[in-house]
Every structure is written in structure tokens, then in C-alpha cells.
Amino acid sequence: MTTLLNVKDLRAYYGQVQALHGLTFSLNEGSLTTLLGANGAGKTTTLRAICNMVRSTGAIEFDGQPLGSRSTENIVRLGIAHVPQGRGTFTAMTVEENLQLGAITRTDKAGIVADIERMYAYFPVLKQRYSQQAGTLSGGEQQMLAVARALMLRPRLMLLDEPSFGLAPLVVRDLFKILGKINREEKVSILVVEQNAQLALELADHAYVIETGRIVMSGSAKEIASNEDVRKSYLGY
Amino acid sequence: MELFINQILAGISTGAIYACMALAVVMIYQAIDHLNFAQGEMAMFSTFISWQLMQWGMPYWAAFFITIALSFAGGIAIERVMFKPLAKAPILTNVAGFIALYSIINSSAGLIWDFTIKQYPTPFGSAPFLGSQLISTHQAGMIGVTILLLIGLYAFFRYTRVGLAMRAAASLPESARLVGINTSWMIALGWGMAAAIGSIAGMMIAPVVFLEPNMMLGVLIYGFAAAVLGGLTSPFGAVIGGFLVGIFENLAGTYIPGIGNELKLPIALALIISVLVVKPAGLFGRPIVKRV
């Protein structure tokens, strides 16, 4: 298996405050990897550092290519779609405009039209609401829209920041099922940050645990799920 | 009654110009959250360029469109050179930048073309429009050009991908970058378009106020009043605000005793203050709410 994302000795800073203290991890092509950790451990910062949205040092390679000091939009254009915390929905625009924005860097008109239909097949509720302002959607619908918008890029890697946040348990189940399907069928590699460790470990094939800006554990999702410490700290039984 | 209708129509025609200026101000405000105090001077300088082209023998409409293109490029250049480096600077630094730009453009125009008042041609003529005494052909032309411009802008923002990307960059810059939009260039494009819209306003109003370096001062204040009245966050509101301010200005000048021509400008300022006190978001703007 080839490595798609390789992160070495990543350190990130908010002003004077250091949030990541030398993070090293990698993600294989086709994998669905999860980053677990408590509040403030540095999960969101890790995703933001990959997209150069926070000041950082260290080496990040995507598909063998160093990202260096590329701007956020140029990193996205390489095929890294980022669904940020809070979803980043364009609330004043319609659902369909949000999907079109996801594909704004693409030039294949026919492909974009076909992909919008594909998204409506994944998320039928979006089709019902296509002309509605995105801000009027429920939290779960907005999360689906955010995932669909990210997929419109035809990404090779999707970064998801707490997709379960604020959603009802049943909605989360549905969403995760679709994420698994996207990972298998569309061959999109996924790096998902989650507080809902149980669900994330059921879905993922690989997992890392972060504590105060460092990786403290890594392994297959099964190994991590059966680890005594992880069970006590993150799964709660 | 005829006087009343006449004043309303005259108000709509100057209001069209205020609407353009308000729209230019709102476009830059949406992109960088600052009011461009130099918007009027940029428009004035563009108007001088078109005048110079005509002096060199170019026909009106050729000069008109070349000036729009040059203004577009000039707006982008100003953003790249002056305001891109100030993007993260505090608000007062930006205000100082706008005032500097104002006086640089104003003085340069005076230096190049001097401060004497010049006649500026109208492509529409100044005969009564369709034989009616209510409105002149130039006034009708001003309204017509503005309406065409507004329709064009609406179609651009509503139906083109660049327009969609510009709207996205203005509403949520971070999300826009995350779908791969180069937000920095979208801001530059906004400046270019604002400069082009301003140049149209300048060339349309010049036959009325005559060409000289301070010609846009009053117009810009009415433009600000229009933008504030309609709401700084709403391009649609800015346009409606422009027409309302134009009508209001004319009616007040005609019917309120003692106002006349001299006191028309303070009316615009009074309007700005009243709107800010009573309804700070304007008629169509949405209040900016932040969750804390």
C-alpha cells in the first residue's frame, strides 16, 4: 500500500502558544484513519496545519509531494477536501450553489452536473431542498451538505473535523455509514477527527491517539479499540 | 403636479448615479470591510481619462468603453499595490490609506488637467426626452445606462462561476479558500469592478456637474448616504438607497423652504446620521451578529 499523506515532526503555533509538539503520522491510500483525543489535544489544529490555515513547521507530504508553504487554496486544488469544524456552509446561498462551489476549481461542466446528481443520490434530502437557503437546513442536513460539497472537488483525501458534532445519534449513524461507503466505493481516503471514539473506531481501519499535541498511540482500529487505556479514557467502559 | 413629477424624474436620474457610487462602495466594503473614501476620486480620474481620449479625437463611445477597461485595470492595480499589504492592518491604518489615496488622486488630476471647470459632452443630447418637458434625453440616458449596468451585474453574480466565487469569498473567506478559491484575487477583482462602475457614474454625471477634480465630492457623499440607507451589506439595498436619496434630495430642495441648492448636501449627511441612529443595518442590510 502506498502512503498518501506523510506528516513529520509537525509543530503548530497560535501566536506564542505552541499547540502541536512534533506530530508524526501517515495515512495510506484508500485508508479511513481516525485521530482521537480529548478536547484541546490538537486534533483540529492538525487538520488546519495540513491545509496551511495555522502557522506550523515540519514536513507534510501529499502523494510524495512536499506541501511546503503552499497556500490553502493551492493545497485544496491538489485534491485535499477539508470539511471544517462548524461545517463552513455558505448559509446565504442555496444548497445547489453550495455544491457548485465545491466544484469551483473544476472545468468539466458535464462532470459537475453528473456529480451533483450523484450527491443527490447519496443524500436524497439535499435534492428535496436544492433551491433552499443552506442556512435553513437542520444540523444533520448541513453536515451532509458539507460532505457533499467536499466530494464535489473529486478529492483524493478528505479531512473531516468532528462530523458528529451536535447531531442526533441516529443521524450520526447514517452519516458514518455513508462515509464508509464513500471510502470504499469512491476510493476517497479519509482522515476523520472525532470525539465520538466508539463510532470512529467502528468505521476506521487505522487510528491514532493524540494527547497535548503529541501522538501517544497508533495501530489498527481493532487494536486501539481493545486497548485497556483507550477503553477507559475514550470509550468509557 | 407637473413640477412634482418633474422633480421625481430628475431625482431618479441623479439617483441612478448615486446608486452606481453606492454599489461601488458596497462592493469594496463587502470584500474588505472598509469604506473606500477615494471611490469618488477614482471615478473623477477615470472621467478625466475619457475626456482626454476625446480631446485626442476619439469618438464618445470608444472613449467610454476604453475608460471602463482602464479603470478596471487601475482598480486592480491600486488593490495589489496599496491595500493588499494592508489586509491585516488595523482599521485606522486603512482609513489613513484611503485618505492618502484620495489626496494623491485629487492632486494628480489637478496637476495634469488643472482645476478649471471643463465642459463634458453627453452622448444623448439635452433635448426634451420624447418631446416631453419632464425629463431631458441625458437624464433618460443616465437612467437607461444604470439599468443596463444593474442587469449586467445581477446576471454576472447570479449566473457565472466567477460571480459565484466572488460572492463566496465575500461572505465566508475561510470556507471559500477551502473549496479552492483564491480569495485574494477575488478582492482585487472586486476593486476592479468597483472602479469600473465608478467610472461609468463619473462619465454620466460629468455633463451635469461639469468636469473638475472636486466634481465627485458631493456625489460620493450622496453615494455613502445611499449605501448606508440601503444597508452596507446589501448591493440591492445600495441601489434602492441611491434612487431614494436622489428623489429625496430633489423633493427636499424644491418643497422645503429655505433648503434650496445650498443646503442639499447637509441633507445627505443628516440622512446618514438618522439611518445610523434609527436602523444601523439600513433598509435591506442584515445586522452582523456574532456568537460569543
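Throughout, read-outs are computed from the coordinates displayed, never taken from laboratory work. Worth saying up front: this structure is predicted, and the values here are computed from it rather than measured. Please note: Cβ atoms are built from the backbone with ideal geometry, for glycine as well, and neighbour counts cover all protein chains shown.
Return yes or no: is A:L151 within 20 Å of the chain's Cα centre (by Cα), more than 11 Å from chain B (Cβ to nearest Cβ) and closer than 24 Å to A:V171 by Cα? Taking the combined requirement at face value, the residue satisfies it.
Answer yes or no as to whether A:R118 is crowded, with 19+ Cβ neighbours inside 10 Å and either in contact (Cβ under 8 Å) with a residue 60 or more places away in the chain or more than 9 Å from chain B (Cβ to nearest Cβ) (or both). Walk me through how you get there before you give the answer.
On the way: crowded, with 19+ Cβ neighbours inside 10 Å: no; either in contact (Cβ under 8 Å) with a residue 60 or more places away in the chain or more than 9 Å from chain B (Cβ to nearest Cβ) (or both): yes.
So A:R118 does not fit the description; no.
Considered as a group, the residues in region B:129-173 that are within 14 Å of chain A (Cβ to nearest Cβ) and β-branched (V, I, T) include one that is surrounded by the fewest Cβ atoms within 10 Å (Cβ to Cβ), and that residue is B:T160. All of (1) more than 28 Å from B:A168 (Cβ to Cβ); (2) among the aliphatic types (A, V, I, L, M); (3) out of contact with any Ser or Thr (no Cβ under 8 Å at 6 or more places or on another chain); (4) surrounded by 19 or more Cβ atoms within 10 Å (Cβ to Cβ) hold for B:I17 with one exception: (3).
Can you say whether A:S31 is within 18 Å of A:G68 (Cα to Cα), touching a residue at least 12 places away in the same chain (Cβ under 8 Å) and not basic (K, R), as far as the supplied structure shows? Can you show your working first?
Details: within 18 Å of A:G68 (Cα to Cα): no; touching a residue at least 12 places away in the same chain (Cβ under 8 Å): yes; not basic (K, R): yes.
Here the answer is no, as A:S31 does not meet what is asked.
For A:F90, state whether it is among the aromatic types (F, W, Y) and surrounded by 22 or more Cβ atoms within 10 Å (Cβ to Cβ).
On the way: among the aromatic types (F, W, Y): yes; surrounded by 22 or more Cβ atoms within 10 Å (Cβ to Cβ): yes.
Considered against the rule, which asks whether it is among the aromatic types (F, W, Y) and surrounded by 22 or more Cβ atoms within 10 Å (Cβ to Cβ), A:F90 comes out as yes.
Selection of region A:148-191 for residues being among the aliphatic types (A, V, I, L, M) and without any contact (Cβ under 8 Å) to a residue 24 or more places away in the chain yields only A:L170. Looking at region A:1-106, the helices (runs of 4 or more DSSP H) lying wholly inside it that each contain 2 or more residues that are closer than 23 Å to A:Y208 by Cβ and away from chain B (no Cβ under 13 Å) sit at A:43-50.
Taken as a whole, the structure places A:A197 among residues that are surrounded by 15 or more Cβ atoms within 10 Å (Cβ to Cβ) and among the hydrophobic types (A, V, I, L, M, F, W, C). Quick test of your reading of the structure: B:Y120 fulfils all but one of (1) surrounded by fewer than 13 Cβ atoms within 10 Å (Cβ to Cβ); (2) of a type in the set (S, T, Y); (3) assigned to a loop (DSSP other than H, G, I, E, B). Name the failing condition by number. Going through (1) surrounded by fewer than 13 Cβ atoms within 10 Å (Cβ to Cβ); (2) of a type in the set (S, T, Y); (3) assigned to a loop (DSSP other than H, G, I, E, B) one by one, B:Y120 breaks only (1).
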